[in-house]
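Participant: This structure is in C-alpha cells; I'll ask about it shortly.
The values are calculated or read from the model by the stated rules, or taken from the named source; none is laboratory data. Worth saying up front: this structure is predicted, and the values here are computed from it rather than measured. Using ideal geometry, Cβ is built from the backbone for each residue, glycine included, and neighbour counts are taken over all protein chains shown.
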Amino acid sequence: MIENKDKRDVLDVTASSSDIPDQNKPKKADRPTVSPQEGGYFLNKFLDQKETESKDTSTAQATPTSPPASKEELEANIVAALQEIYDPEIPVNIYELGLIYGIEIADDYSVKVIMTLTTPHCPVAESMPGDVELKVNSVAGVTSVEVSLVWEPAWDMAKMSDEARLELGLL
C-alpha cells in the first residue's frame, strides 16, 4: 500500500500478484461449454416446439366474440375486467378505489371510460390509461375503447368503496 497526501491508504496496482495471499486471489470457475452442434440441437428443438404450438392454435376453432345480450351485461364484464387492474402503490383495484368515474357504451358497443388518478403526479400517469384501454378492449363484445383521463372532480378518499376502505383498514 502507498500512502497519499490525504493520509489514506490506496491500493498499489503496480505490486506483483505474488504479494496477494492465495486465499484472496480470484478463483477460476469451471464453466460448462456447449458445442455449436449441441447448441444447434437445443435451438432446433425450441423452434420445433414453437411450430407445433402455432399449428395447434391455427387448427383450433376460434370462438367468435359476439356482443353480449345487453349493455348491462357488457358493462358488468367491463367492470370485472377493470377490477383486475391494481394501483401499484395501494393494494386495491382501480375500480374499488373510485378511479373510474364512468363507463359509456354506445349502440355499436364502442366504450368510453372516464377515469382519474389519485394525483396528477402519479408514477403511472402515462401507463395506466393504456392499461385500462387494453383490458377493456379484451372484453368480448367491445368494438373500440376510448379512455378519457380527467382531473375534475379531483379524486379523494370519499370515492373509495367500502371494500377498498376495509382492505386498507380505514373502516
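Participant: Checking the structure you have, find out if any residue of region 89-100 is at negative phi, exposed (fewer than 14 other Cβ atoms within 10 Å of the Cβ) and without any contact (Cβ under 8 Å) to a residue 60 or more places away in the chain.
Facilitator: yes
Participant: Which of the residues that make up region 150-164 are among the acidic types (Asp, Glu) and outside any loop (DSSP other than H, G, I, E, B)?
Facilitator: ASP162, GLU163
Participant: Taking ALA125 and the conditions (1) modelled with pLDDT of 90 or more; (2) in a loop (DSSP other than H, G, I, E, B), which numbered condition does it fall short on, given that it satisfies the others?
Facilitator: All conditions are met except number (1).
Participant: For the condition out of contact with any Leu (no Cβ under 7 Å at 6 or more places or on another chain), modelled with pLDDT under 90 and under 21 Å from VAL113 (Cβ atoms), what is the one hit in SER58, SER70, SER66, SER54?
Facilitator: The conditions single out SER70.
Participant: Only one residue in VAL142, VAL147, VAL136 is in a strand (DSSP E or B) and buried (at least 16 other Cβ atoms within 10 Å of the Cβ), so which one is that?
Facilitator: VAL147
Participant: Taking region 108-132, which residues are surrounded by 14 or more Cβ atoms within 10 Å (Cβ to Cβ), free of Cβ contacts under 8 Å to residues at least 40 places away in the same chain and closer than 19 Å to PRO68 by Cβ?
Facilitator: The answer is VAL111, LYS112, VAL113.
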